[in-house]
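Everything on this sheet refers to the single structure shown next.
The values are calculated or read from the model by the stated rules, or taken from the named source; none is laboratory data. Just so it is clear, the model here is predicted, and its values are computed rather than measured. Cβ placement follows ideal geometry from the backbone for every residue including glycine, while neighbour counts extend to all protein chains displayed. Areas reflect the complete protein model, heavy atoms only, side chains present, ligands, DNA and RNA absent. Shrake-Rupley method; radii C 1.70, N 1.55, O 1.52, S 1.80 Å.
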Amino acid sequence: MIDLRQIVLREIRLPLREPFRISSGVVSERRILLLQLSDADGTTAWSECVAGEHPNYSSETVETAWHAIEQWIAPRLIGRSIHHDAIYDLLEEDIRGHDMAKAAVEMGSWALVAERQRMSLATLLGGARSQVEVGISLGIQSSIEALVERASAAHAQGYRKIKIKIMPGRDIDYVAGVRAALPDAHLMADANNAYRLEDADHLAQLDRFGLMMIEQPLDHLDVVQHAELQRRLTTPICLDESITSVLRARDMIALDSGRIINIKPGRVGGFTSSRRIHDLAQQHNIPVWCGGMLESGVGRAYNVALASLPNFSLPGDLSPSARYWERDIVTPEWTMSAQGMVTVPRDVAGIGVQVDLDRVDNLTVRTQVLA
Ligand code: OSB
Ligand code: MG
């Protein structure tokens, strides 16, 4: 049970080591919404909202999430005693959408319970894995050579999966270049909605590269046209943006619009929803993996804990801190072994890392206390 007393919202700015470009936009500095949750018994926990600055991935942004938490989500929860696994359904009752905002509060509540029970978040979730395979997501590059260089470096570092962001004009030749340089690597492509069903023949040219999957080629909410596209490709489709709840996962499975699911807990409203999607997928032999949203080390903790569940059977976008940040806001920073694995924290209660408060204070551009 939790009995939320207070939520402190903060926005920090954290510059990326290099700009990250996807088909729908580029980001150079992350605006990150952090939450500090406090329970009536004095327990505290940090969480992170994955919404970005612009609504180019989903409709949510840092501003909309702040507004939703302040206006609707915090008032619904503060001062009420509730089981952490019931929060998702409570919020669904009368708040439509705003899944990233909901997730930040819901997942933070799970961390409060983990803290209080002196157990790791992974243990509370029921995840048994002690290490998780790591994949890298490579943003769109300005040339094939630049992409091949980055992919080769990632492969040499031990990454278990290399995801190549694609868009029209930077797709077939780019993937071909990487495949030629890395004949045995686990490769995949992510289009972030850059194509139309009319591009099916064009996309079918990717079939010859033996990709693990192609992620979200079509519209961000679509599960119908993806089914038609899947019939025309041998490469499995993985859905990301379209799967916002277990209902959409059910649609995907019923229509065969994808054969793999990227679960980002922020996108689906938190851990309860993530577990439902995970369990449903498992019943249907659909593998899942944990996606990323350029999180700081706080958000990473939640993703790593989730990815310790059994059906997370493919490498997750769980890059170490140093991939994105000059310096992360947590200690220890997240690392990856030479075998491409991240360790699931087990010996520390809660999220498993400490937030560097002085550093966060220095990076903070605004704060609001909700009580
Ligand atoms: O589609 O998975 C995506 C980042 C921002 C928005 C969308 C996506 C991504 C990534 C980053 O691929 C993965 C990561 O955090 O390492
Ligand atoms: Mg994606």
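A few points about this structure:
- The angle separating the long axis of helix 144-157 from the principal Cα axis of greatest extent in the chain is about 60 degrees.
- Each pair of Cα atoms in the range 9-64 enters the Kirkwood radius, and Stokes-Einstein at 37 °C and 0.692 mPa s then converts it into a translational diffusion coefficient of 258 µm²/s.
- Size descriptors for the chain: radius of gyration and Dmax over Cα atoms are 19.6, 59 Å.
- Relative to the longest principal axis of the Cα atoms of the chain, helix 172-181 runs at roughly 90 degrees.
- Using the empirical formula 2.2 N^0.38 Å as the baseline, the Cα radius of gyration of the range 1-128 reaches a ratio of 1.10.
- Applying the Karplus relation 6.51 cos²θ - 1.76 cosθ + 1.60 with θ = phi - 60° to the range 94-105 yields 3J(HN,Hα) values of 9, 10, 7, x, 6, 5, 5, 5, 4, 4, 4, 7 Hz, where x marks Gly and Pro.
- Extension reserve of the GLN339-SER142 stretch, reckoned as 0.36 nm per residue once the Cα distance is removed: 68.0 nm
- Charge context of ALA180, other residues only, Cβ under 14 angstrom, K/R +1, D/E -1: -2
- Note on ALA176 and ARG196: with the Förster distance fixed at 30 Å, the Cβ-Cβ geometry gives a FRET efficiency of about 0.85.
- Were the residues from VAL224 through SER152 laid out at 0.36 nm apart, the gain over their Cα-Cα distance would be 22.3 nm.
- All Cα-Cα distances of the range 168-258, cut into 5 Å bins from zero to the largest, leave 3, 15, 27, 24, 16, 9, 5, 1, 0 percent in each bin in turn.
- Filter on LYS163/LYS264; LYS102/LYS163; LYS102/LYS165 - keep pairs with C-alpha separation over 22 Å: LYS102/LYS163; LYS102/LYS165
- Amide N proximity, the range 53-82 versus ALA40 label position 7 Å along Cα-to-Cβ, cut-off under 12 Å: 78-82
- Charge sum, other residues only, whose C-beta stays under 13 Å from ALA307's C-beta, Lys/Arg counted +1 and Asp/Glu -1: +3
- Within the range 93-233, the percentage of alpha carbon pairs spaced more than 27 angstrom apart rounds to 42%.
- Heavy-atom accessible surface of the range 265-363: percent carbon and sulfur, 1.4 Å: 48 percent
- Computed Kirkwood radius, in angstrom, where 1/r is averaged over Cα pairs of the range 235-297: 11.5 Å
- Short-range pairs are left out: with C-alpha atoms under 8 Å and at least six residues apart, the relative contact order of the range 198-318 is 19 percent.
- In this structure the amide hydrogen of GLU48, modeled in the peptide plane, comes within under 5 Å of the amide hydrogens of LEU35, none closer than 5 places in sequence on its chain.
- If a spin label sat at a point 7 angstrom from the Cα of THR234 along the line to its beta carbon, the backbone N atoms of the range 187-218 nearer than 12 Å would be those of 205-211.
- Prolate is the label for the range 68-122, because a/c, from the alpha-carbon gyration tensor with a ≥ b ≥ c as root eigenvalues, is 1.5 or above and a/b exceeds b/c.
- Rounded to 10°, Cα long-axis angle of helix 297-306 versus longest principal axis of the chain: 80 degrees
- Antiparallel DSSP beta bridges within the chain, as percent of all bridges there, nearest 5: 60 percent
- Full-stretch length increase - SER81, ALA254 - with 0.36 nm per residue and alpha-carbon distance subtracted: 58.6 nm
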